[in-house]
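First comes the structure, then the notes that go with it.
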Amino acid sequence: EKILNQTDGLGADIVFECSGAPAALQDSVGYIRRGGQIMVIGLHEADVPFDFFRMLHWEAEMKGSMGYGYEEFKYVIEFLEKKRLHTRSLITGWIPLADLEEKGLRRLLSSRDAVKILVKP
């Protein structure tokens, strides 16, 4: 609704689906404008039913991207070592290993406020 309101009902030029959630991929076609593009970056564990008729009718495109490769990992590790990346804002919280199921996995599945939870051994 926000996307359509902000684009005067036209939709986005490009939608990036990064979550890997089936519903996000299915919904993405409803967010693009005619001739728009969907970039699939999130990894999906199984086949996802999708409205290809709407994509064809709107002459939209869908592309996939792995998002990163081996070289990027080397750069990120180097940046982290040199403290050139500030990651604290990405961390939702820290939990002990004993609380992994309840305060970690269950929270990630049931809450939208949790992004990255670090586990202390």
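The helices (runs of 4 or more DSSP H) found entirely in the stretch 4-121 that carry 1 or more residues being open to solvent by less than 80 Å² (accessible area, probe 1.4 Å) and modelled with pLDDT of 90 or more are 22-28, 52-57, 70-81.
For the stretch 1-52, a residue qualifies if it is closer than 26 Å to Val115 by Cα and of a type in the set (Gly, Ala, Ser), and the qualifying residues are Ala12, Ser19, Gly20, Ala21, Ala23, Ala24, Ser28, Gly30, Gly42, Ala46.
Of all residues in the stretch 77-120, those satisfying the criterion of being touching a Lys or Arg at 6+ places or on another chain (Cβ under 8 Å) and of a type in the set (Val, Ile, Thr) are Ile91, Thr92, Ile95, Ile117. Of the residues making up the stretch 87-96, none is touching a His at 6+ places or on another chain (Cβ under 6 Å) and under 23 Å from Val115 (Cβ atoms). Residues in the stretch 41-84 that are of a type in the set (D, E, K, R) and over 28 Å from Tyr31 (Cα atoms): Glu71, Glu72, Lys74, Glu78, Glu81, Lys82, Lys83, Arg84.
The values are calculated or read from the model by the stated rules, or taken from the named source; none is laboratory data. Please read these numbers as outputs of a predicted model, since none were measured by experiment. In this analysis, Cβ positions are derived from the backbone assuming ideal geometry, glycine residues included, and neighbour counts consider all displayed protein chains. Note: accessible area is taken over every heavy atom of the protein model, side chains too, but ligands, DNA and RNA are not part of it. Shrake-Rupley method; radii C 1.70, N 1.55, O 1.52, S 1.80 Å.
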